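In what follows, a single structure is set out as structure tokens and then discussed.
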Amino acid sequence: MRREPARTFSDLLPLLFPAAMLVVFFVIPFGIMIAVSFFRRQQGGFYTVDFVIANYERFLTPFFGDVLGFSLFLAAAVAVCCVLLALPFTSFLAGCSRRVQVVWLVGILAILSLSEVIIGFAWSTLFSRTAGIGNLLSALDLMETPKALLPGFGAVLTGMIYQALPFTILLLYPSLMRLDPSLLEAARTLGASPMRGFVSVVVPALRHTIAATLIMVFVFALGSYLLPQILGRPQHWTLSVLITDQAIYQSNMPFAAAMAVFLVLISLALVGLVLLVGGRREAAR
Amino acid sequence: MSALTLEGVAKRFGSLVAVDNVSLTVLKGTFVCLLGPSGCGKTTLLRLIAGLEAPSAGRILLDGTDVTGLPTHRRDFGMVFQSLALFPHLNVRDNIAYPLRIRGAAKTEWESRVGELLELVHLQDHGERPVSRLSGGQRQRVAIARALAVSPRLFLLDEPLSALDAKLREAMQVELRQLQQKLGITTIVVTHDQREAMTMADLVVVMGNGRIHQAAAPVDIYRKPANAFVADFIGSTNLLDIAADGSGRALFDGVPLPGVTLPAGVGRARLSIRPEDVRLTAPETAALTGRVTFLRDLGGTVETFVEAADTTIVAVSTRRERVRAAAGDPIGIQLPAEACVVLTR
């Protein structure tokens, strides 16, 4: 569908309100943050207007490099795990009757409405030694004595997958509903087992949706702040945790702002890279 | 030799009976059309044959071997879906190569086979094109070539031409029939279009309410319909309620119909006669008379609606043989015995 280009000012009038909102509540605050990231910090106090790049230089230390690397790795792991889990599930759901789908989608939306705090504490109870699933596993003779399963990387990953999975399913659902079910059937009549047909036809046919979902879940997970603290050890803390720490507890606004700007730039760069690679491949076809 | 045998095949979805105790034998190398109105179970029957649905009862035999429990991907059938189901992420060549590569064919092997198939469906120059950039007819050909890639034991098509415009559809019907004859492959096509069935099939299987009403050659389906459902579904027909006199001869509205008899022991039946077989004459020369209620002049032919004994009889005649009559005029009706089919069920 092609749109007529707007000709007169009155054509643009309906856009004015959302544009103003975007400027006031997003562009200006982000601009302020970029400005603050170049300010000089005052020891034990606020900050003074200046232009220093020292705040950015601190990233080059191994400590922040590690935290940044871990944050990106964690977000990528969550995105990949979520898509791997959600893809077969959603494709199965898309083949169910309308009523079954509605029940599942309502349940999934209910999980999505839970706050990060509730998810964090629920999992910390589930992973605890006294009241957790360790007791269940030992009753089933899968574990010798009940053990605490947190803090640890597994616990952080589980909690974050739990939080992002409903989001992933809802992102994949529309495309899988639109996908012609006879594609998989055709693959079967052509000699592919259902599993092979899924991997060789359904997954490639949905490659754009899958790429977009990976990016969205990655960005969603990158902002995670509470779960790594509740379920992980300090080495599992993400850049978001450090930003909060610097901004609130260390009163170092310029450095916190620099980290926030850096995180946004890194996310944008990664998203841009994926789109670029996708676009290249598409053009090469 | 029979390629495919269905023995009492049934499929129920909950309380709905989609296919009801169907038995059919298809000879090797024949072209079969499953014909019926929508919802008659013809697509379900095709899916049962393909193994995409499991039958609730009955057996499916291929060349004498029971394949009822064999999964779809081991049946080596080729199927063309109504949506065509071309893989959107692959180009024409890779779509056609898919069944060959799934079976582990070497690159040289599948490349030469794809070349042959592209030639077969006249798409030699389109191998590298993405399927999204093909016309409807070209997409059709790709789907056919892909289904034929491994020389399937059975070629199944579900309403393959329904997405094409009328002119292209007619051309593809002829092409599909010629292709089938060239390859000698046993083919089953589902369609709701009787013209399509008449054009292509050796054997037309008329289905309704999940059952087979008649399986016969196209001419026989038209000339000798087995029951009122078939007579009414195939082309248009006049259905008259007839009764037997003491010696089994047919009476319509008390008027004897010369040469038409009912089977012994049957008192009432229906008579089917095609509109083009009904002869209209001057009222004084015929035993059976009616009144003209409506005339539809289509230029080439004239349809005359005649009311006789509360039944509307339609007669189609060419300009030359038409009888001069206007709405409201009395008219004589002759029903030639050789064109009458007595339906007892």
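The values are calculated or read from the model by the stated rules, or taken from the named source; none is laboratory data. Bear in mind the structure is a predicted one, so any value in this text is a computation, not a measurement. Every residue, glycine among them, receives a Cβ derived from its backbone with ideal geometry; neighbour counts consider all protein chains shown.
For this structure, a couple of remarks:
- Within the range A:190-230, being buried (at least 18 other Cβ atoms within 10 Å of the Cβ), of a type in the set (Gly, Ala, Ser) and over 17 Å from A:Ala77 (Cα atoms) holds for A:Gly191, A:Ala192, A:Gly197, A:Ser200, A:Ala205.
- Among the candidates A:Ala164, A:Ala187, A:Ala155, the residue that is buried (at least 17 other Cβ atoms within 10 Å of the Cβ), in a helix (DSSP H, G or I), within 14 Å of chain B (Cβ to nearest Cβ) and touching a residue at least 12 places away in the same chain (Cβ under 8 Å) is uniquely A:Ala187.
- Just one residue in the set A:Val49, A:Val24 is more than 30 Å from the chain's Cα centre (by Cα) and either surrounded by fewer than 11 Cβ atoms within 10 Å (Cβ to Cβ) or among the charged types (D, E, K, R) (or both); that residue is A:Val49.
- Selection within the range B:137-180 - within 18 Å of the chain's Cα centre (by Cα), away from every other protein chain (no Cβ under 14 Å) and outside any loop (DSSP other than H, G, I, E, B): B:Ala166, B:Arg169, B:Glu170, B:Ala171, B:Met172, B:Gln173, B:Val174, B:Glu175, B:Leu176, B:Arg177, B:Gln178, B:Gln180
- Verdict on B:Ala287 being among the hydrophobic types (A, V, I, L, M, F, W, C) and within 21 Å of B:Asp329 (Cα to Cα): yes
- All conditions in (1) assigned to a helix (DSSP H, G or I); (2) out of contact with any Ser or Thr (no Cβ under 9 Å at 6 or more places or on another chain); (3) farther than 25 Å from A:Leu206 by Cα hold for A:Gly134, with the sole exception of (2).
- Check on B:Pro336, in contact (Cβ under 8 Å) with a residue 24 or more places away in the chain, surrounded by fewer than 17 Cβ atoms within 10 Å (Cβ to Cβ) and under 30 Å from the mean Cα position of the chain (by Cα): yes
- The combined condition, being in contact with a strand residue (DSSP E or B) (Cβ under 9 Å, 6 or more places away or on another chain) and either within 27 Å of B:Arg319 (Cβ to Cβ) or in contact (Cβ under 8 Å) with a residue 24 or more places away in the chain (or both), is fulfilled by B:Arg291.
- Where strands (runs of 3 or more DSSP E) sit wholly within the range B:1-118, those with at least 2 residues that are under 21 Å from the mean Cα position of the chain (by Cα), more than 14 Å from chain A (Cβ to nearest Cβ) and farther than 26 Å from B:Leu161 by Cβ occupy B:2-13, B:16-27.
Rundown of residues vs (1) among the β-branched types (Val, Ile, Thr); (2) surrounded by fewer than 17 Cβ atoms within 10 Å (Cβ to Cβ), yes/no style:
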{"site": "B:Thr261", "(1), (2)": "yes, yes"}
{"site": "B:Arg274", "(1), (2)": "no, no"}
{"site": "B:Thr289", "(1), (2)": "yes, no"}
{"site": "B:Leu295", "(1), (2)": "no, yes"}
{"site": "B:Thr312", "(1), (2)": "yes, yes"}
{"site": "B:Ser317", "(1), (2)": "no, no"}
{"site": "B:Ala326", "(1), (2)": "no, yes"}
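- Beta carbons closer than 6 Å, at least 6 apart along the sequence or on distinct chains, pair a first residue in the range B:223-241 that is surrounded by fewer than 20 Cβ atoms within 10 Å (Cβ to Cβ) with a second that is in a loop (DSSP other than H, G, I, E, B) for B:Asn227/B:Arg345.
- Residue count, the range B:202-222 (criterion: surrounded by fewer than 24 Cβ atoms within 10 Å (Cβ to Cβ) and among the hydrophobic types (A, V, I, L, M, F, W, C)): 6
- If you go through the range A:230-250 and keep only what is within 17 Å of A:Leu157 (Cα to Cα), in contact (Cβ under 8 Å) with a residue 24 or more places away in the chain and not β-branched (Val, Ile, Thr), you end up with A:Leu231, A:Gly232, A:Arg233, A:Gln235, A:His236, A:Trp237, A:Leu239, A:Ser240.
- For B:Val204, the criteria (1) within 13 Å of chain A (Cβ to nearest Cβ); (2) under 30 Å from B:Gly8 (Cβ atoms) hold in every case but one, which is (1).
- Lone qualifier among B:Thr186, B:Thr199, B:Thr261 - being hydroxyl-bearing (Ser, Thr, Tyr) and not assigned by TED's automatic domain parsing to the domain that holds B:Ile96: B:Thr261
- Any pair with Cβ under 6 angstrom, 6 or more apart, that starts in the range B:166-178 at a residue that is under 10 Å from B:Met200 (Cα atoms) and ends at one that is part of a helix (DSSP H, G or I): B:Gln173/B:Glu196; B:Gln173/B:Thr199; B:Gln173/B:Met200; B:Arg177/B:Met200
- Condition check for A:Pro181: touching a His at 6+ places or on another chain (Cβ under 8 Å) and either within 14 Å of another protein chain (Cβ to nearest Cβ) or among the β-branched types (Val, Ile, Thr) (or both): no
- Criterion violated by A:Ser240 - all others in (1) more than 14 Å from chain B (Cβ to nearest Cβ); (2) buried (at least 17 other Cβ atoms within 10 Å of the Cβ); (3) closer than 30 Å to B:Asn95 by Cα satisfied: (3)
- Selection status of B:His122, assigned to a loop (DSSP other than H, G, I, E, B), more than 14 Å from chain A (Cβ to nearest Cβ) and in contact with a Lys or Arg (Cβ under 8 Å, 6 or more places away or on another chain): yes
- Scan the range B:159-193 for residues that are among the acidic types (Asp, Glu) and buried (at least 24 other Cβ atoms within 10 Å of the Cβ) and the total you get is 0.
- Checked across the range B:219-242, the condition of being in contact with a Leu (Cβ under 6 Å, 6 or more places away or on another chain) and assigned to a strand (DSSP E or B) holds for at least one residue.
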